[in-house]
Amino acid sequence: MTWREYHESTKHSGESLRRAPHVLDWTNMPDPFRHYEGVPVLDLPADPAIPDIPALEVLYGASGSTPAGDGPTFLSQLLFYSAAISASKRVPSTGDRYALRVNPSSGNLHPTEFHFLTRGLRAWPDGLYHYRSSAHMAEQRALGGLEMKLAGTSAPIVFVLTSIAWREAWKYRDRAYRYCLHDIGHAWQALALAARAIGCDSFAAGDFVDDEVAQCCRLHEDEWPMLIVELRGGSIPVHEPDAGETVWYGGHANRLSKERTAYPRIDEIHAATKLSKRACRGSSPAEPAPTGSGEIKLPSPVSSTRAFGDVARMRRSALDFRGGTQSMSLTQLSAILAATTQPFLADFADTHFIQLYLYAHRVDGLQPGVYRLWPDPAELEQIKIGDQRVAAAGLSLGQDLAGNACVAFSMIGDLERAVRAYGDRGYRYVHFEAGAIGQRLYLAAEALGLGATGIGAFYDEEVHRYLSLAPERGQVVYHFAIGYPVSDPRLEA
Ligand SMILES: Cc1cc2nc3c(=O)[nH]c(=O)nc-3n(C[C@H](O)[C@H](O)[C@H](O)COP(=O)(O)O)c2cc1C
């Protein structure tokens, strides 16, 4: 299977939804928490200091600092503001509670796991760890200096983000692989921005040999390595790396559900996007993104002093938005869009593959309509005039929130250009970028007192028709909505 076959076969249409209705088997829902059992588990200190640099400044590229003087405190702070549990919801009918995390996830199913290698952290043994997000602890899977086949890196902290596709496929079936990729993009930015807020730099690598990394980390066979993120910088408390031999504990991965339904299309697209040898960065640089201009110049962004730590942990997906007349300002929109156009630091990010189309419903000073964002210079090009609320909701599989928001988005991915540069691997990169933009939209909206929701469900071809997108202009890969959230009675913390 090629990326194209997978993408075509997982498009939503009225017909595809009617043809194959899906009933969820709640008794077989995969456990959203992975544990590697039987290994030493290390505490991460409670109540890490809040990164107090304003979130918008971090989104625009500024770095904060950390008071952490040792490895455990540093790791605790990093993970508490990127991957930890941050709230819970109660199901009204049963009273059952379930956890929500700093990083969002389609259907709250959390296919992404965080593994990390450390070298030379003060008061923290060198080794390989898996983050136990259910308890904010680190499972020590190996001790000592591991052979760093991962990215040929000497960074003191290297994360390996993995996906467990079955968690997502349980609900979303074949389309789930797309959501796993989005979720990795969200997790990557959650991590990269938290790292920046506490004073370190990150760089993500998508170019690695999948099976080597899986083997190096002795991942359970249901976990697939997707992205490597290395962290460096003066704020990381380091000393000389340990000299000791590697000792493996490994651990026994918990079983996530009684049964696992096979989704051969997911296995095939994953196989098609794997690398069997490193693809030598830069040998075929991606063609630059198209440039253009619009008639509306975006004003200077409004500012916000809300601290990164508050924003990261308070971020939530809105259940719906308050329709009505309350609008957002054009300077708020400008601030949100500016957050999406800052560079991404990754080996596949020399150029952008995503272009944003906006369905403006209620933005002061902007006529309702559809606009295309040109990032440099920051301008909006008007594509359609008139009320877009019914269209935006309809295109998003009839989800009201896309019409009740102040603004909704279609992210158009230039899949062809990505694949020309990176082969089928490029399919992953376009979705990572979409998820990464989504994470920045979530945080920018939260920083400005607005709410946001990622939307993975849309009628693909109808979006293309509505936006008059010729196939060479790209395909829709993600939707998003921002506005004034309704209160969610299920939310507990
Ligand atoms: C890739 C992705 C796709 C999503 N798609 C939808 C969607 O179509 N409709 C919706 O209401 N929420 C959607 N969400 C929001 C999730 O349901 C939400 O992130 C999850 O329930 C966890 O809640 P939290 O974001 O408040 O942590 C999506 C989130 C992500 C990351």
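Quick notes on this structure:
- Counting only strands (runs of 3 or more DSSP E) that sit wholly inside segment 136-235, those with at least 1 residues that are of a type in the set (S, T, N, Q), within 15 Å of the ligand (Cβ to nearest atom) and open to solvent by less than 20 Å² (accessible area, probe 1.4 Å) are 157-163.
- Just so you know, in segment 398-452 the residues that are outside any helix (DSSP H, G or I) and of a type in the set (Val, Ile, Thr) include one that is surrounded by the most Cβ atoms within 10 Å (Cβ to Cβ), and it is 407.
- For segment 51-69, the tally of residues that are touching a strand residue (DSSP E or B) at 6+ places or on another chain (Cβ under 7 Å) and surrounded by fewer than 16 Cβ atoms within 10 Å (Cβ to Cβ) stands at 1.
- Number of the exception - residue 341 against (1) within 30 Å of residue 206 (Cβ to Cβ); (2) away from the ligand (no atom under 16 Å from the Cβ); (3) open to solvent by less than 30 Å² (accessible area, probe 1.4 Å): (3)
- Which listed residue, of 71, 107, is more than 16 Å from the ligand (Cβ to nearest atom) and modelled with pLDDT of 95 or more: 71
- Contact map, segment 14-33: first residue assigned to a loop (DSSP other than H, G, I, E, B), second residue of a type in the set (Gly, Ala, Ser), Cβ cut-off under 8 Å, separation 6 or more or different chains; pairs are 29/257; 30/257; 31/257; 32/99; 33/133; 33/134.
- Taking segment 373-397 as the range and being closer than 21 Å to residue 457 by Cα, of a type outside the set (D, E, K, R) and away from the ligand (no atom under 16 Å from the Cβ) as the test, the residues that pass are 388, 390, 391.
- Subset of segment 119-135 (residues that are aromatic (Phe, Trp, Tyr) and part of a strand (DSSP E or B)): 129, 131
- Selected residue [out of contact with any strand residue (DSSP E or B) (no Cβ under 9 Å at 6 or more places or on another chain) and either free of Cβ contacts under 8 Å to residues at least 40 places away in the same chain or more than 10 Å from the ligand (Cβ to nearest atom) (or both)] from 82, 93, 76, 88: 93
- When 492, 461 are checked against the criterion of being in contact with a Ser or Thr (Cβ under 7 Å, 6 or more places away or on another chain), modelled with pLDDT of 95 or more and surrounded by fewer than 19 Cβ atoms within 10 Å (Cβ to Cβ), a single residue qualifies: 461.
- Qualifying positions in segment 453-487 - assigned to a loop (DSSP other than H, G, I, E, B) and in contact with a Cys (Cβ under 9 Å, 6 or more places away or on another chain): 484
- Checklist (1) assigned to a loop (DSSP other than H, G, I, E, B); (2) open to solvent by less than 80 Å² (accessible area, probe 1.4 Å); (3) closer than 30 Å to residue 4 by Cα; (4) not charged (D, E, K, R) applied to residue 266, failing item: (1)
Yes/no matrix, rows are residues, columns are (1) among the charged types (D, E, K, R); (2) in contact with a Phe, Trp or Tyr (Cβ under 6 Å, 6 or more places away or on another chain):
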{"site": "319", "(1), (2)": "no, no"}
{"site": "332", "(1), (2)": "no, no"}
{"site": "335", "(1), (2)": "no, no"}
{"site": "339", "(1), (2)": "no, no"}
{"site": "347", "(1), (2)": "yes, no"}
{"site": "358", "(1), (2)": "no, yes"}
{"site": "363", "(1), (2)": "no, no"}
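- Restricting segment 314-331 to residues that are away from the ligand (no atom under 16 Å from the Cβ) and part of a helix (DSSP H, G or I), the residue that is most open to solvent (accessible area, probe 1.4 Å): 331
- Boolean, residue 118 is open to solvent by 20 Å² or more (accessible area, probe 1.4 Å) and more than 16 Å from the ligand (Cβ to nearest atom): no
The values are calculated or read from the model by the stated rules, or taken from the named source; none is laboratory data. Source: prediction; values computed, not measured. Because the Cβ atoms are built from the backbone with ideal geometry, glycine has one as well, and the counts that use them run over all protein chains shown. Each accessible area value is taken on the protein alone, full model and side chains, heavy atoms only, with ligands, DNA and RNA left out. Shrake-Rupley method; radii C 1.70, N 1.55, O 1.52, S 1.80 Å.
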